[in-house]
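Engineer: Here you go, one structure.
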Amino acid sequence: MPLVAAPIVTPPDPGGGGATPIPLPEVGTATATYTDPTGKVWPLSTTSLGWFTLARGVSGLGAATYDLTTDAHPRGGARLRHAQAQPRAIVWPLYVWGNTHLEFIDRWRRLARAFTRTLREGPGWLEIIRPDGGRRRIAVHYQEGFDGRGTKGAGIVSDTAILTLWCEDPYWIDPTPVSVHRESGALADFLVPYPTVSSSQILGSTTIENVGDVVVWPTWTITGPASKITFTHEGTGEEFSLDPNAEEIGHGNLLTGEQVTVSTDPPAVRYQDGTPDGANWSGALSWPSAVLWGLDPGDNAVSFQLDGLGPGSAVDLTFNPRYETA
């Protein structure tokens with residue numbers, strides 16, 4: 001367990017005080033919350049609740065650690081072949097107290113349960129909130145720390161939990177998704193009543209900006225009518241197509257209002273048939289050549305093409321920017 005020399009702390013007056021910004025290493029002044037697997041939010045910098053974060057000892061909020069695969073260079077040194085981001089460990093000291101032993105124990109037990117249930121029910125979320133309202137969060141699993149300091153006097157009316165939180169994905173995400181919507185306009189006869197071009201942003205190219213630090217893997221939602229949909233990353237040449245007429249599906253053209261959702265990570269294709277998870281339409285993809293590509297940091301030139309489109313045909317893309325640091 002990481003050793004953090006926690007100072008003797010005099011608890012603030014529990015009768016008042018809201019979320020108090022605290023100076024965090026590699027972050028600056030910020031507030032923090034933890035959301036357990038049930039969705040309950042636990043403020044980590046609100047002193048009136050009976051616990052608060054000891055900023056001294058917080059670590060693991062900076063850039064991810066990488067394992068590098070290299071090839072020796074015949075003239076000396078090496079060439080980088082691949083960089084693999086590694087899981088992250090965050091150390092987060094929490095000071096917990098109570099006016100009585102029973103009050104302290106109740107708070108200690110509730111916090112311990114909120115964190116340890118991530119081992120059975122899925123990850124929780126540690127979120128850092130900046131003074132300007134900007135937020136970044138990361139999925140965490142409890143690893144260790146709720147055993148206290150083990151020093152004389154600890155565990156009676158106060159103690160410090162030096163939490164180690166394990167993150168399978170080392171990147172922080174913006175909880176507010178970026179959404180891009182492209183929809184066809186009303187179709188018109190080119191010659192009636194005079195030469196006309198229908199308004200449509202579906203066909204052709206567009207630029208999508210990934211404001212994060214690393215590649216993101218978007219989710220696509222296609223709304224009919226459409227007979228075939230092709231998505232191309234113009235920068236890399238990677239593409240995939242979705243064919244609702246594929247023999248594996250046996251559906252036929254998407255009709256007006258019908259929707260299919262394509263997730264790129266993890267890969268999944270679901271037709272929205274009214275069931276909770278939707279029907280599995282993975283067989284509609286253009287295997288084996290299909291590449292469910294991601295969006296690199298910065299501008300990405302992409303194109304959407306819908307065959308058989310009509311009024312209401314649309315493509316929606318959503319992703320959460322990912323960042324190296326909190």
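Since every read-out is calculated from the coordinates, none of them should be taken as a lab result. Because the structure is predicted, anything quoted here is derived from the model rather than measured. So basically every Cβ, Gly included, is an ideal-geometry build from the backbone, and we count neighbours across all protein chains shown.
Engineer: What is the angle, in °, between the Cα long axis of helix 101-116 and the longest principal axis of the Cα atoms in the chain? Nearest 10 is fine, range 0 to 90.
Structural biologist: 30
Engineer: If you don't mind, another one. Scattering from the C-alpha atoms of region 67-108 alone, worked out with Debye: what is log10 I(q)/I(0) at q = 0.16, 0.30, 0.32 1/Å?
Structural biologist: At q = 0.16, 0.30, 0.32 Å⁻¹ the computed log10 ratios are -0.63, -0.97, -1.02.
Engineer: Tell me, rounded to the nearest percent, the portion of alpha carbon pairs in the chain spaced more than 30 Å apart.
Structural biologist: 51
Engineer: Could you work out the helix-only [θ] at 222 nm for the chain, with each DSSP H run of four or more residues adding -39,500 (n - 2.57) and the total divided by the number of residues, to the nearest 500 deg cm²/dmol?
Structural biologist: Theoretical 222 nm ellipticity from helices: -2000 deg cm²/dmol.
Engineer: Also, quick follow-up: Based on the alpha-carbon gyration tensor of region 178-323 and its eigenvalue square roots a ≥ b ≥ c, which shape applies: rounded if a/c is under 1.5, prolate if not and a/b is larger than b/c, or oblate?
Structural biologist: Here region 178-323 falls in the oblate category.
Engineer: Determine, for W287, W51, W97, W42, the number of other Cβ atoms within 10 Å of each Cβ, and report the residues in order from fewest to most.
Structural biologist: The order, fewest Cβ neighbours first, is W287, W42, W97, W51.
Engineer: Can you figure out the FRET efficiency of A89 with V291, using R₀ = 30 Å and their beta-carbon distance, to the nearest 0.05?
Structural biologist: Calculated value: 0.35.
Engineer: So for the pair E247, D307, with labels modelled 7 Å out along Cα→Cβ, what separation do we get in nm?
Structural biologist: 1.7
Engineer: For the residue pair V211 and E121, what label-to-label distance in nm results when each label sits 7 Å from Cα along the Cα-to-beta-carbon direction?
Structural biologist: 3.3
Engineer: Which one of H82, P276, S205 has its Cα pushed farthest toward the positive end of the charge dipole of the chain, where Lys and Arg give +1 and Asp and Glu give -1 at the Cβ?
Structural biologist: Checked the options; the winner is H82.
Engineer: Could you list I249, I222 in order of exposure, starting from the residue whose Cβ has the fewest other Cβ atoms within 10 Å?
Structural biologist: I249, I222
Engineer: About the Cα centre of region 22-173, what is the dipole size in debye to 20, counting +1 per Lys and Arg Cβ and -1 per Asp and Glu Cβ, all else neutral?
Structural biologist: 100
Engineer: Still on this structure, please answer the following. What's the exposure ranking of Y323, Y66, going from fewest to most Cβ atoms within 10 Å?
Structural biologist: Ranked by crowding around the Cβ, least crowded first: Y66, Y323.
Engineer: So what are the three principal axis dimensions of region 22-173 from its Cα atoms, in whole Å, longest to shortest?
Structural biologist: 69, 38, 30 Å, listed from the longest principal axis down.
Engineer: From the residues S263, H251, L285, which one has its Cα farthest along the dipole of region 178-323 in the positive direction, the dipole being from +1 and -1 charges on Cβ of Lys/Arg and Asp/Glu about the Cα centre?
Structural biologist: Among S263, H251, L285, the one farthest towards the positive end of the dipole of region 178-323 is H251.
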